[in-house]
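Enquirer: My questions all concern the structure below.
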Amino acid sequence: MQAADAGFSVLALDIGSSSARAGLFDGTGQLIEGTLSRVAYRLETGPDGRAELDPLLFAERIEELLDIVQAKATGQVAAVGISCFWHSLMGIDEQGRPTTSVTMWADTRACDVAKRLRRDLDAQAHHRRTGAYLHPSYPVARLAWLREAKPECWRATRWWCAFPDFLLARWTGDLCTSLSMASGTGLFDTHRLAWDDETAERVGIDPAQLPRINDAPQELSERFRKRWPRFARALWYPAWGDGACSNVGSAGIGIDRATIMIGTSSAVRVLWRGRPVEPPWGTWLYRLDSEFVLAGGALSEGGDLVDWIRRRFVLPPEPELWELVGQQQPGASGLLWVPTIAGERSPRWPVDAVATLTGLRLGHDGITILRAALEAIACRIATVVDLLLRIQPGIDVFIASGNALLGTPGWTQIVADAVGHTLVLAPDPEASLRGAALVALARVTGRSLDELARADVTDWRRVEPRGEVTEIYRAMSEAMTALEEALNRLGRRGRAQ
């Protein structure tokens, strides 16, 4: 099928940590007006560190979303591309029924197990093979934790998979996972493109209990063909990681471009066609597929910290709130956040990080604390940018994307100042959704993904860094690092007593 065919469209579905979006795209990769729909949900969290979702309720919410988009379609859809968060884990039994909740990257209950894995395995060698970490945010650690903490679930489980694998198996009857999803598990050798036997053996799992790795499209089962007749003849591709899709959808493709994304969490990423590299500690290495490699760093904090502050402090309504935040001078409050309220991933990957706020005085208020949080996240992003430039020193275009970053007045200027590089602002806030559409479009038409996704960014809105402010934020970043090191020393002394 060619993109010029009458009525040609692809369905894109983007499953995020707090909401899902779906829409129809035409053969040029443009969203068809009036087809975008979304549903929202919230992670179930608790003081024990859990961050999970009910898989059946979650699946039903996604299916209701597709019902809405199906009703808006005017012709047969040719293909379906799915973008989904990395690092989720759930178990299913012989009949395909869930045996566990869906645990997410923010779940920290595997902290102690991750520490033991780091002692028992060569963490550096594991990182070189898998591009991932022995860390609670990865399924590899949560699998080992589930084996100890929930033996009844372990015994009842036939397969372990990511949520989008379960979702596609529910719709098609075939349990498989993409190279992209597999690469975010910590159980996958990103060089050999196969499950990593050494890691699987250590966590006590047979690779046969993991989904078959397959990037080929699937077909809907009869039940869902009847439910979604407009999607009945479509090719349903196994889900790709949302980070890779976000780069594609924001034109961040090629070794000269990086994306800086802030949504619920944050990430800095570079996507290129070619061979994988050895990522320095602090960064990770995943895949879009067998041809495209994705390297970067992820922060557990982003819009989640902003939302946390807005729920817990008395703040003025918008737009007055952002006017007051913007009136504060860079770094002038004296407040210093270590903003790892959902644990820490890049740059250090400790297994048990918590957030810290220092420098509080009676004169500080919620606006000051919010401004300091925006600056702290920007400073941590700058640290990851520096690491990423060690992998691809030729990066000279930094593309800003993500609803939290682009939707928070003044934050793009703070980030540009912190990283010390010009930001070009992605015009489409739904980068992961559009990226899923473009990858599906490339598959079904045979067109080059580079051709479809790599846009000219010359006329995109730009935010220039201010040199004197960059110096302020560099000093703040150094102070944050010193504070973290001091807290770590204090924690080690406390544990030793």
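Enquirer: Need one number: the % of Cα-Cα pairs in the range 342-491 sitting beyond the 26 Å mark.
Expert: Values: 4277 of 11175 pairs.
Above the 26 Å cut-off, the range 342-491 has 38 percent of its Cα pairs.
Enquirer: So if each residue of separation counts as 0.36 nm, and I subtract the Cα-Cα distance between Thr422 and Glu64, what length gain in nm does that give? Walk me through the numbers on the way to the answer.
Expert: Numbers: separation 358, 0.36 × 358 = 128.88 nm, distance 4.08 nm.
Contour length minus Cα-Cα distance gives 124.8 nm.
Enquirer: Could I ask something else about it? Counting other Cβ atoms within 10 Å, keep those with at most 14, restrict to DSSP loop, and tell me which GluC sites (Glu not before Pro) in the range 36-131 are left. Walk me through the intermediate numbers first.
Expert: On the way: sites: Glu44, Glu52, Glu60, Glu63, Glu64, Glu94; in loops: Glu94.
Answer in residue order: Glu94.
Enquirer: Follow-up question, since we're still on this one. Show which lysines lie in cross-link reach of Lys115 when reach means a straight Cα distance below 27 angstrom and same-chain residues fewer than eight apart are skipped.
Expert: Lys115 reaches Lys150.
Enquirer: Now for a separate question. Please report the carbon-and-sulfur percent of the accessible area for the range 400-497; probe 1.4 Å, protein heavy atoms only, DNA, RNA and ligands left out. Mind showing how you got there, number by number?
Expert: Numbers: 2300 of 4660 Å².
Using a 1.4 Å probe with all protein chains present, the range 400-497 comes out at 49 percent carbon and sulfur.
Enquirer: May I ask you to list the residues of the range 271-312 whose amide nitrogen lies under 15 Å from a point 7 Å from Cα along the Cα→beta-carbon direction of Arg42?
Expert: 304-312
Enquirer: In the range 104-223, with Lys and Arg counted as +1 and Asp and Glu as -1 at Cβ, which of these residues, Leu121, Leu134, Cys111, has the Cα nearest the positive end of the dipole, that is, farthest along it?
Expert: Cys111
Enquirer: Also, quick follow-up: So which DSSP H runs in the chain come out at 15 Å plus along the axis (Cα) with average Kyte-Doolittle of at least 0.5?
Expert: Values: long enough: 55-72 (26 Å, 0.41); 366-391 (38 Å, 1.50); 431-445 (21 Å, 1.19); 467-496 (44 Å, -0.51).
The answer, listed by residue number, is 366-391, 431-445.
Enquirer: Hey, which lysines would be in cross-link range of Lys72, C-alpha to C-alpha under 25 Å, not counting anything within fewer than 8 residues on its own chain?
Expert: Qualifying lysines at Cα under 25 Å: Lys226.
Enquirer: Still on this structure: Given the Cα-Cα distance of Arg447 and Glu478 and 0.36 nm per residue of separation, how much length would full extension add, in nm? Intermediate values should be presented prior to the final figure.
Expert: Working: separation 31, 0.36 × 31 = 11.16 nm, distance 4.60 nm.
Additional length available on full extension: 6.6 nm.
Enquirer: Using a 1.4 Å probe over the heavy atoms of the protein chains, calculate the carbon and sulfur portion of the accessible area of the range 1-78 as a whole percent. Each step should come with its number before you reach the end.
Expert: Values: 1850 of 3550 Å².
The nonpolar share, carbon plus sulfur, comes to 52 percent.
Enquirer: Taking R0 as 30 Å, what FRET efficiency do you get between Arg462 and Gln329 from their Cβ-Cβ distance, rounded to the nearest 0.05? Don't jump to the answer; show the numbers that get you there.
Expert: Working: r = 23 Å, r/R0 = 0.77.
Once the sixth-power term is evaluated, E becomes 0.85.
Enquirer: Restricting attention to the range 29-111, which trypsin sites (Lys or Arg not before Pro) occupy a DSSP loop and are surrounded by at most 13 other Cβ atoms within 10 Å? Could you put the intermediate results ahead of the total?
Expert: Values: sites: Arg38, Arg42, Arg50, Arg61, Lys72, Arg109; in loops: Arg42, Arg50, Arg109.
Those satisfying the criteria are Arg42.
Enquirer: So if R0 is 30 Å, what FRET efficiency would Asp256 and Ala125 give, r being the distance between their Cβ atoms, rounded to the nearest 0.05? Before the final figure, lay out each step's value.
Expert: Values: r = 31 Å, r/R0 = 1.03.
E(calc), rounded to 0.05, equals 0.45.
Enquirer: Sticking with this one: Compute the length gained on full extension between Arg202 and Ser18: take 0.36 nm times their separation in residues and subtract their Cα-Cα distance, giving the result in nm to one decimal.
Expert: On the way: separation 184, 0.36 × 184 = 66.24 nm, distance 3.26 nm.
My answer for the length gained is 63.0 nm.
Enquirer: Another question, then. Between Asp396 and Asp352, what is the label-point separation in nm under the 7 Å Cα-to-beta-carbon projection?
Expert: Roughly 4.7 nm, to one decimal.
Enquirer: Express the carbon and sulfur contribution to the solvent-accessible surface of the range 253-372 as a percent, rounded to the nearest whole number, probe 1.4 angstrom. Could you put the intermediate results ahead of the total?
Expert: Details: 2420 of 4640 Å².
Answer for the range 253-372 is 52 percent, counting heavy atoms of protein chains only.
Enquirer: Moving to a separate point now. Per residue, how many Å² of accessible area does the chain show with a 1.4 Å probe?
Expert: Working: 19470 Å² over 497 residues.
Roughly 39 Å² per residue, with all protein chains present.
Enquirer: Summing -39500 (n - 2.57) over the DSSP H runs of n ≥ 4 in the chain and dividing by its residue number, what mean residue ellipticity at 222 nm do you reach, to the nearest 500 deg cm²/dmol? List each step's numbers first, then the result.
Expert: On the way: 18 runs with 196 residues, N = 497.
The helix-only estimate for the chain comes to -12000 deg cm²/dmol at 222 nm.
The values are calculated or read from the model by the stated rules, or taken from the named source; none is laboratory data. None of the values given here were measured: they were computed from a predicted structure. Counting neighbours? That spans all protein chains shown, and the Cβs are built from the backbone with ideal geometry, glycine included. The protein model used for the area step is the full one, side chains on, heavy atoms only, and it has no ligands, DNA or RNA in it. Shrake-Rupley method; radii C 1.70, N 1.55, O 1.52, S 1.80 Å.
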